[in-house]
1. Looking at region B:153-163, which of its residues are open to solvent by 10 Å² or more (accessible area, probe 1.4 Å), modelled with pLDDT of 90 or more and under 27 Å from B:Q78 (Cα atoms)?
2. With respect to B:A237, determine if the residue is modelled with pLDDT of 95 or more, touching a strand residue (DSSP E or B) at 6+ places or on another chain (Cβ under 7 Å) and not polar (S, T, N, Q).
3. If I filter region B:120-140 down to residues being open to solvent by 20 Å² or more (accessible area, probe 1.4 Å) and away from every other protein chain (no Cβ under 14 Å), which single residue comes out as farthest from B:I255 (Cα to Cα)?
4. Starting from residues that are charged (D, E, K, R) and not in a helix (DSSP H, G or I), keep the ones in region B:11-54 and report whichever is farthest from the other protein chains (Cβ to nearest Cβ).
5. For residues that are aromatic (F, W, Y) and away from chain A (no Cβ under 14 Å), tally how many sit in region B:181-208.
6. Looking at B:L253, B:L202, B:L276, B:L249, which one is within 18 Å of B:A149 (Cβ to Cβ), touching a residue at least 60 places away in the same chain (Cβ under 8 Å), among the aliphatic types (A, V, I, L, M) and not in a loop (DSSP other than H, G, I, E, B)?
7. Here is a list: A:N104, A:N127, A:N93, A:N67. Which entry is open to solvent by 60 Å² or more (accessible area, probe 1.4 Å) and not assigned by TED's automatic domain parsing to the domain that holds A:H257?
8. Surrounded by 11 or more Cβ atoms within 10 Å (Cβ to Cβ), touching a residue at least 60 places away in the same chain (Cβ under 8 Å), closer than 20 Å to A:I222 by Cα and under 34 Å from the mean Cα position of the chain (by Cα): does that describe A:L114?
Amino acid sequence: MNVPKQFKFILVGLCLLAVASIVYKTNLLSKNKDSFGADESYLITYRYFFKTDTAKTFIKTYLPKNNPHQQISGQKSVMPNTVHFSTSADGPNIKGNWICEAQNTYESVSYSFLFKGKGQVFGLPENFKPHPEGIETYLSATENIQVFASPIDTLAKSLREGIDSDKGTIQSLFNYVHAIPSAPIITLTDAVSALERNEASCNGKSRLFVALARNLGYPARIKGGIILTESNKRTSHAWAELFVNGVWVPFDALNGHFAYLPANYLELHEGDAFLIAHSPGIQFDYSYEIRKQESLPLLNEEAKEVEKVTAFSLWGLVRNKSISKKNLFLLLMLPLGGLVVALLRNIVGIRTFGVFLPVLIAFSLLETGFTVGLALFLFLILFVGLISRPFDSMGLLHTPKLVISLTLMVLVMTLGNYFGVSFGITWLSSLTLFPTIILTISAERFSKLIVEDGFQKATGTLLQTLLAVGVCFLLFSIKGLDAILILFPELLLLVITASMVLGRYIGLRWTELLRFQPLLNSKFA
Amino acid sequence: MLRNIFRVNNPKGVIGLNRRNIEFIYPHNQRKHYTLADDKVKSKMILHENNIACARTYAIIDRISQIKSKWSELQNQQSLVIKPARGCGGEGIKILKKGEDGQWQSSGRNITDNQIFQHITSIISGLFSMASNDVCLIEECIVPHSFFAEIYDEGVPDFRIITLKGKPLMAMLRMPTSKSDGKANLHQKGVGIGVNMKYGTLTQVFDGKNYSNHHPDNTARVNGKKIPYWFTMVQLAKKTAKAFPLEYLGIDLVIDKVKGPQIMEVNVRPGLGIQLVNKCGLQSTLS
C-alpha cells in the first residue's frame with residue numbers, strides 16, 4: 001500500500017494514542033473485574049409508613065441475598081432516631097426488623113439496594129435421580145398446600161397417566177396449572193381452592209403446583225419475591241421450585257416460565273410466607289419503588305479505580321441519562337459499521353445502497369429480529385415497486401412520485417402496526433418509528449435505483465446490500481460490544497486510522513479479480 | 001503477510017476502480033470541473049469555443065416560455081436531435097426527421113408540435129435527469145459513416161478514446177447488437193471492439209464474455225479492418241483533452257458521413273471495461 005510520509009505520521013500517532021489509552025484502562029478494569037455479568041439492574045426502595053402503637057411497634061420483611069441469580073449491593077436503611085433496625089436469620093432467609101419505641105406517632109422508614117440479575121435457564125433431564133434424605137419437609141402437606149387432599153391426589157395421578165418420564169410429568173403438571181385462568185385474587189387461595197375455583201393468582205397457582213408435585217414425590221417449595229419493572233408497586237410475586245438432581249429449579253406457572261427464572265425476578269424468600277409482617281392493628285402502608293438502572297456487563301461500579309476508567313469513557317452520558325444506552329450504542333456503531341461496509345465495498349467490491357444505510361438497516365433488524373425484518377424489508381420493496389408502477393405511467397415528476405410511494409408505504413406500515421397490536425401479532429407490531437423510517441428509505445432507494453440502473457442491476461445491488469446488512473448484523477450481535485465501545489470510545493480513532501489505510505488501497509477488488517480474470521490469467525495472454 | 005494476501009498476479013497492469021479513483025481521477029480531475037463534462041450543454045460550449053468538430057448546436061432551451069419561439073426558428077432544418085443536458089442512460093433523447101410531406105417524424109411516425117413541446121417541457125422539468133430541472137439541447141443529427149454500417153447498421157455506435165494529460169492511452173469501438181436495443185454499452189449487451197492505436201485498425205470483438213474476430217450479427221471479419229480518419233480522430237481527441245481543464249477523460253467520437261470525425265461527449269469517470277476489450281491493462285500504457 002502506497003502511503004505518503006505525513007500520512008504515516010498521523011496514522012502511527014493516532015494508533016499509539018488509542019492503544020495506550022486502551023491498555024491503561026484495560027489494566028485498571030482487569031483488576032476490578034465484574035465477573036457476575038448481569039443482564040439487568042434495578043434500584044429498589046422499600047417504603048413503609050405506619051402509625052405507632054402504645055407498645056413497641058415492629059415491622060418485619062424479607063431482605064434479598066446474593067446467589068447465582070442475583071447480586072445485591074449498596075444496601076441502605078433510612079429511618080428516624082426512634083426506630084431501631086436489625087437483621088436476623090430466619091431459616092435460610094434474612095429478615096429485616098424495624099422496632100419503634102415512640103408511641104402514637106407517624107413514622108416512615110425506607111430500605112434500598114441495588115439489584116443485578118441474570119436470567120437462568122435450567123435443562124431438565126428426562127428422569128430425575130431419587131432425592132436425598134433430609135428434605136422430607138419439601139414433600140409434606142401444610143395448611144395451604146394440601147398435598148394429600150383427594151382432589152389433589154386424583155388430579156396428580158391423572159396428569160401423570162401415560163407419561164413415563166419425570167420431565168414429562170412435570171411438564172404435564174405445569175401445563176395444567178398454567179392453563180388455569182389467572183385472576184388477581186387478594187384473599188388467601190390454598191391449593192385445593194385454586195383447583196376448585198379454577199382461577200388463581202400467583203400464590204394459588206404456585207401452591208397448587210407445589211401440592212401436585214409433592215403428591216407425586218417431587219420435593220417442591222414456594223419462592224417469594226418481586227418482579228422488577230420500572231414502577232411503584234405493591235404487589236409481590238410467588239413461584240415454585242422443584243428439587244431436581246441437587247438443584248432447585250424455578251417454575252412460574254402464572255407467567256409460564258418453565259425451568260426458567262427471568263433476570264428481573266428479585267428473590268426474597270423461600271417457603272410459603274407473607275413478605276411483610278407488622279404489629280397487629282396498626283395503620284400501615286407500603287410501596288416498592290423500582291427504578292431500572294443501565295448497566296454494563298464489564299463494569300464493577302463499586303470499585304473506586306473503575307471511576308478513573310469511566311471518567312474517560314462515555315458511560316457518564318448514560319448514567320446522567322443524557323442519552324440512552326441503546327442510542328449511544330447506535331451512534332458508536334455507525335462508524336464501525338461504516339468501516340465494515342467500506343471494507344466490503346473497496347476490498348470485496350460489492351455494491352450497496354450508500355455506506356451507512358446497510359448499517360442502519362442492520363440496526364432496524366436488531367429491533368424486529370433478523371428474519372422478520374428481512375421479510376418485511378423485501379415485502380416493502382416489492383410493494384413500492386408495485387404501487388409506483390401506475391404512477392410511473394402517469395408521467396409524474398420524480399420527487400412528487402417519491403412522496404406518493406413514501407406516503408403509501410407509511411400508511412401500510414402503520415396499518416400493519418395497528419393490526420399487529422389489535423390481534424396480538426408481535427412481528428407486525430414490532431415496527432417502531434426507527435425501523436419504519438430506515439426500511440422506507442431503503443425501499444425508496446431501491447425503486448430509484450431501478451430507474452437509474454435497470455431492474456437487473458438494481459436487484460444485484462439490493463442482494464449485495466443485504467449481504468452487507470447480514471455482516472453488520474453479525475457484528476452488532478457480538479455480545480458485550482456495546483460495553484466495549486462505550487468504555488473505550490478511543491476505538492473510534494482506530495476506525496479513523498483503518499479508514500485512512502483503506503482510503504489509500506489501490507489494489508483490485510475481489511469482484512474485479514473475477515471481472516478481469518481473462519487478463520490476470522497469464523496462460524490466456 | 002498482509003501483502004501476500006493482497007498480492008495478485010497482474011502482468012498486464014490492469015487497474016481497478018480503487019486505483020482508477022486514487023491515481024487517475026482524484027489527482028487529475030478536480031470535482032468542480034466535473035460539471036463541464038457531465039453537462040452536455042457546457043461541454044458543447046467548450047467544444048464550440050475551441051472550434052472542435054462536433055454536432056452543430058441549433059438551440060438551447062432552459063425555460064418553458066422559450067419553447068415555442070425557439071422551436072419556430074428551427075423549422076428550416078431537415079433533421080435534429082433533442083436531448084437533456086444532464087440525462088442519464090441515454091434517456092430522453094429523441095431524433096426527429098422531416099417526412100416527405102414536411103411533417104416532423106420520430107422513429108418513422110408523425111409527431112405533432114404539441115407532442116414535441118411536451119417532450120421538451122419534460123426535459124426542462126428534469127424528468128430524465130433525476131433532478132428538479134434541466135436544460136434542453138437541440139442539435140444537428142449526425143449521419144454515421146458507411147464504415148459503421150459495414151459492421152452493423154443499426155443503433156448508435158461510437159469510438160471511445162481514453163486520454164491522460166492530453167495523451168491518448170487506449171481506444172475502442174462500441175457497437176450495438178441485435179440484443180442491445182440500439183445501445184452500444186457493454187453492459188447493455190453491446191460489443192466492444194479493440195483498436196490498434198498505432199496502425200488505426202480494429203482488433204478483436206469482445207461481447208462481455210468471449211472474444212471473436214467478427215460482430216455477433218455479421219460474419220465478416222472485423223479484426224484488422226482499417227478505421228477511416230483514425231489519425232484525425234486521435235488529433236481531435238488530443239485537441240479536446242487540451243480544451244477541458246480535466247486531465248483524465250473518456251472521449252466519445254463518431255464519424256459523420258459528410259463532416260468526418262465529430263466529438264459526441266466527454267466523460268470524467270470512463271469505465272474500465274476498455275481494458276478487457278483491448279486485452280491490455282491501462283497501467284501498462286503509461287510507460
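The values are calculated or read from the model by the stated rules, or taken from the named source; none is laboratory data. Please read these numbers as outputs of a predicted model, since none were measured by experiment. Virtual Cβ from ideal backbone geometry, glycine too; neighbours counted across all protein chains shown. Side chains included, ligands, DNA and RNA excluded: accessible areas come from the protein's heavy atoms. Shrake-Rupley method; radii C 1.70, N 1.55, O 1.52, S 1.80 Å.
1. Restricting attention to region B:153-163, the residues satisfying the condition of being open to solvent by 10 Å² or more (accessible area, probe 1.4 Å) are B:153-156, B:158, B:160.
If we keep only those that are modelled with pLDDT of 90 or more too, we end up with B:158, B:160.
Residue satisfying the conditions is B:D158 alone.
2. Working: modelled with pLDDT of 95 or more: yes; touching a strand residue (DSSP E or B) at 6+ places or on another chain (Cβ under 7 Å): yes; not polar (S, T, N, Q): yes.
Judged against the criteria, B:A237 is a match.
3. B:V135
4. First pass over region B:11-54, keeping only residues charged (D, E, K, R): B:12, B:19-20, B:23, B:31-32, B:38-40, B:42, B:44, B:49.
Applying the additional criterion that residues be not in a helix (DSSP H, G or I) yields B:12, B:39.
Details: B:K12: 5, B:D39: 18 Å.
That would be B:D39.
5. First, pick out the residues of region B:181-208 that are aromatic (F, W, Y): B:199, B:206.
Right, trim to away from chain A (no Cβ under 14 Å) and you get B:199.
Within region B:181-208, residues that are aromatic (F, W, Y) and away from chain A (no Cβ under 14 Å) number 1.
6. On the way: B:L202 fails: touching a residue at least 60 places away in the same chain (Cβ under 8 Å); B:L276 fails: within 18 Å of B:A149 (Cβ to Cβ); B:L249 fails: within 18 Å of B:A149 (Cβ to Cβ).
Matching residue, one of B:L253, B:L202, B:L276, B:L249: B:L253.
7. Details: A:N127 fails: not assigned by TED's automatic domain parsing to the domain that holds A:H257; A:N93 fails: open to solvent by 60 Å² or more (accessible area, probe 1.4 Å); A:N67 fails: open to solvent by 60 Å² or more (accessible area, probe 1.4 Å).
Among A:N104, A:N127, A:N93, A:N67, only A:N104 is open to solvent by 60 Å² or more (accessible area, probe 1.4 Å) and not assigned by TED's automatic domain parsing to the domain that holds A:H257.
8. no
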